[in-house]
Amino acid sequence: MTSDALGWDAIDARLAELYPDLEPKHYGTLHRFALGGPGPLDGISFYPRDEPVPHWHIVGYGMSELYAKETDNPDESGWGFEFTFRVARDTGDTEPPIWAANLLQNLARYVFSSGNWFEPGHHMNANGPIWQDYETAVTALAFTEDPELGTIDTLHGRMQFLQVVGLTGDEYAAARQWNTDGVLSLLAEQAPLLVTDLDRPSLTDDPAVRAAIKAGRARDGSSTGLLMVAGFGWTIEEDTIRLRFKTVTTAMVAQAVRDRLPHGRELLLDGNNIRVVLRSAEVFAVRRPCDGLLEVDLPAEAVAALPDALVPGTHPVPGTSHLIVEVSND
């Protein structure tokens, strides 16, 4: 063990428990990120696995505090997690998938540059194949605790092994409209340990899976409480509240309203820091707790009517006092 990398040592110790006799292929950076290097992950290890299906178990080093305690939170090490990824491999394949390492580095750059971190249950759209040079239907990502590595305590605080899981576009839509854990539980029935296989079909090709997703949505509603809505805005003129949308976003908003508000879950619409929180309530009410934020309580009649009002034109929302929805095509 190296005395100047206690966080790194803790990761290696956990991996040694899972892989006592397996030496990984490890790729380290020549120029550390903290010293101006390009990649936040100082190292990435690839463990070849044959069970339960052939795959690479990939583990990154760099999201937690590898060398010294630098943050003020004594309970968590760095961002509180390290990325893992499981990628299908051909039996006997000895060349690690470098594209997967690049993907983890890109995710790490996003966290460090934006300040937005990932947790189990999160999901994101990659807006294209997660390996750009490969034709695949896997175009989105979900995040969950690594089913074998779990969470550990280190001298720098708690650290979770956070597994990245590839989703198809249809599965990503299901995760948004229902919840990530539900979709991943269905995926785990077909992909043990949630191994990402770029050649697999979508879960939603199976009628039984589609039915399970539909039933889950009806039972649980959606876990996606925040929508980034381009072109969204609101104004208050005397006693009239206007919510303004672009046509291109209204189908997404209408679906989110249906999937959350009837289940008692609020929905936050964010248009470049112009925000509205929609909540179901017994009576209509509007509040402005701070600049740029509007809170709107909607009775059952308004909750039911709002999705149908999200069409081009200007529409008063039944069950409210002077709430108007404006939808434009430009």
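Note down the nm distance, to one decimal, between modelled labels 7 Å out along Cα→Cβ at Val248 and at Glu23.
Reported label-point gap for Val248 and Glu23 is 5.3 nm.
Which one, (1) 1.04; (2) 0.97; (3) 1.00, gives Rg/Rh (Cα atoms, Kirkwood Rh) as derived from the coordinates shown?
(1)
Would you calculate the separation in nanometres between label points at Asn127 and Asp239, each defined as 7 Å from the Cα along the Cα-to-beta-carbon direction?
4.4 nm
Given the rule -39500 (n - 2.57) for each run of at least 4 DSSP H residues, summed and divided by the residues of the chain, what is its mean residue ellipticity at 222 nm, to the nearest 500 deg cm²/dmol?
Value at 222 nm, helices only, nearest 500: -8500 deg cm²/dmol.
Roughly speaking, what is the centre-to-centre gap between region 207-258 and region 293-330 when only Cα atoms are used, to the nearest Å?
For region 207-258 versus region 293-330, the Cα centre distance is 12 Å.
What is the spin-label model distance, in nm, from Val53 to Asn73 if the labels are put 7 Å beyond Cα along the C-beta direction?
Going by the 7 Å Cα→Cβ label model, 3.3 nm.
Karplus couplings for region 95-103 from phi (6.51 cos²θ - 1.76 cosθ + 1.60, θ = phi - 60°), rounded to Hz, Gly and Pro as x?
Ordered by residue, 3J(HN,Hα) equals 9, x, x, 5, 4, 5, 5, 5, 4 Hz.
By counting other Cβ atoms within 10 Å of each Cβ, how are Ile236, Ile11, Ile130 ranked from fewest to most?
With the sparsest Cβ surroundings first, the list reads Ile236, Ile130, Ile11.
Could you put Ser321, Ser77 in order, starting from the residue whose Cβ has the fewest other Cβ atoms within 10 Å?
In increasing order of surrounding Cβ atoms, one gets Ser321, Ser77.
Could you work out how much longer the chain between Arg219 and Leu155 gets when fully extended? Use 0.36 nm per residue separation minus the Cα distance between them, nm to one decimal.
The Arg219-Leu155 span can extend by a further 18.8 nm.
With θ set to phi - 60°, apply the Karplus curve 6.51 cos²θ - 1.76 cosθ + 1.60 along region 79-84 and write out the HN-Hα couplings as whole Hz, x wherever there is a Gly or Pro.
Here the 3J(HN,Hα) series is 6, x, 7, 10, 6, 10 Hz.
In region 226-328, what percentage of the DSSP-assigned beta bridges are antiparallel, given to the nearest 5?
Bridges in region 226-328 that DSSP calls antiparallel: roughly 55 percent.
Name the long-range amide H neighbours of Glu76: under 5 Å, sequence gap of 5 or more, or other chain; modelled H, no Pro or chain starts.
Amide H to amide H, under 5 Å and 5 or more residues apart or across chains, Glu76 pairs with Arg158.
Can you say what percent of the DSSP beta bridges in the chain, counting only those with both residues inside, are antiparallel? Round to 5.
Here the share of antiparallel DSSP bridges comes out near 70 percent.
What is the gain in length, in nm to one decimal, between Val283 and Tyr110 on full extension, counting 0.36 nm per residue of separation less the C-alpha to C-alpha distance?
Computed gain between Val283 and Tyr110 is 58.2 nm.
Under a Cβ-only charge scheme (Lys and Arg +1, Asp and Glu -1), can you give me the dipole magnitude of region 226-328 about the Cα centre, in debye to the nearest 20?
The dipole of region 226-328 has a size of about 300 debye.
Every number here is computed from the coordinates shown, using simple stated rules; none is lab data. For clarity, every value in this text was computed on a predicted model and none was experimentally measured. Backbone-built Cβ (ideal geometry, glycine too); neighbour counts: all protein chains shown.
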